[in-house]
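See below for the structure under consideration.
The values are calculated or read from the model by the stated rules, or taken from the named source; none is laboratory data. Quick caveat, the model's predicted, so the values are computed rather than measured. Here Cβ is always computed from backbone atoms with ideal geometry, including for glycine, and neighbour counts include all displayed protein chains.
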Amino acid sequence: MDFARSDSTDLALKILVAGGFGVGKTTLVGAVSEIRPLRTEEQLTSASAGIDDLSHVSGKTTTTVAMDFGRITLDEDLILYLFGTPGQDRFWFMWDDLVRGAIGAVVLVDTRRLADCFPAVDFFEHRRIPFVVAVNHFDGTRTFHPDEVSRALDLDGDTPVVLCDARERGSGKTVLITLVEHAGKVHAARVLAETGA
Ligand SMILES: Nc1nc2c(ncn2[C@@H]2O[C@H](COP(=O)(O)OP(=O)(O)O)[C@@H](O)[C@H]2O)c(=O)[nH]1
Ligand SMILES: [Mg+2]
């Protein structure tokens, strides 16, 4: 009976981690995941030269061709499954499958290349998927106020913008908690609107 009880209280939520190429998606999933993250990377080859812009991501020699997958237990009974989306345009065909069943998304942003996150922001806005924007702070770059980023991305005022360091487990966890809370509010508001309460 214990088994049945713990089964009924456990909640597993699916979350996407999106954003442009080299913004820190694989790093974030790896930093927070309590299982060895499953990732599919390939050495950057001349085949991707000119397609994957590496000018701002020195030292990066692998690229995620499929996706990152990780798991984190937030509360004893709240488990998040993280799916990192491939950042390159040529993998857009996967997004509709990946998004199925997701309660929300983290859109990672590098302020040096803000425009790289526009497709992800558009994608989630169009499908009405709750998301938070997480500004991954790279060393030596200017720190922007979340409000500046929100204005630059023309976000809905309710969409949270948080600063983070994708390498830090605690920082990544804060981003995920912000998303779960935000998604909870959005879904609750929709249920209320639908029931006419
Ligand atoms: N300085 C710094 N480097 C980072 C940070 N996050 C990621 N990186 C590095 O940036 C590069 C790209 O990160 P990666 O997670 O592979 O990007 P992805 O393409 O979005 O999965 C890697 O070499 C990371 O080690 C960060 O917060 N600060
Ligand atoms: Mg990656």
### Task
Examine region 143-150 for a residue that is in contact (Cβ under 8 Å) with a residue 12 or more places away in the chain and crowded, with 19+ Cβ neighbours inside 10 Å, and state whether such a residue exists.
yes
### Task
Working only within region 85-112, note down all residues that are touching a strand residue (DSSP E or B) at 6+ places or on another chain (Cβ under 9 Å), within 16 Å of ligand 2 (Cβ to nearest atom) and not aliphatic (A, V, I, L, M).
Thr85, Pro86, Gly87, Gln88, Phe91, Trp95, Asp110
### Task
Hey, can you tell me all the residues within region 126-154 that are more than 23 Å from Val29 (Cβ to Cβ) and not basic (Lys, Arg)?
His126, Gly140, Thr143, Phe144, His145, Asp147, Glu148, Ser150, Ala152, Asp154
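Table: residues versus (1) touching a strand residue (DSSP E or B) at 6+ places or on another chain (Cβ under 7 Å); (2) over 23 Å from His182 (Cβ atoms); (3) part of a helix (DSSP H, G or I); (4) modelled with pLDDT of 70 or more.
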| residue | (1), (2), (3), (4) |
| --- | --- |
| Ala47 | no, yes, yes, no |
| His56 | no, yes, no, no |
| Ile72 | yes, no, no, yes |
| Ile79 | yes, no, no, yes |
| Phe83 | yes, no, no, yes |
### Task
Kindly check whether there is at least one residue in region 120-127 that is within 16 Å of ligand 1 (Cβ to nearest atom), free of Cβ contacts under 8 Å to residues at least 40 places away in the same chain and part of a helix (DSSP H, G or I).
yes
### Query
Within the bounds of region 139-152, is there any residue that is under 25 Å from Val32 (Cα atoms), under 14 Å from the mean Cα position of the chain (by Cα) and away from ligand 2 (no atom under 16 Å from the Cβ)?
no
### Task
Scan region 75-95 for residues that are of a type outside the set (Lys, Arg), more than 12 Å from ligand 1 (Cβ to nearest atom) and over 21 Å from Gly184 (Cα atoms) and report the count.
5
### Residue among Leu153, Leu98 that alone is modelled with pLDDT of 95 or more and more than 16 Å from His187 (Cβ to Cβ)
Leu153
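Kindly indicate whether Val107 is buried (at least 18 other Cβ atoms within 10 Å of the Cβ) and modelled with pLDDT of 95 or more.
For Val107, the condition - buried (at least 18 other Cβ atoms within 10 Å of the Cβ) and modelled with pLDDT of 95 or more - is met.
Would you check if Ser171 is among the polar types (S, T, N, Q), away from ligand 1 (no atom under 15 Å from the Cβ) and in a helix (DSSP H, G or I)?
Numbers: among the polar types (S, T, N, Q): yes; away from ligand 1 (no atom under 15 Å from the Cβ): no; in a helix (DSSP H, G or I): yes.
Here the answer is no, as Ser171 does not meet what is asked.
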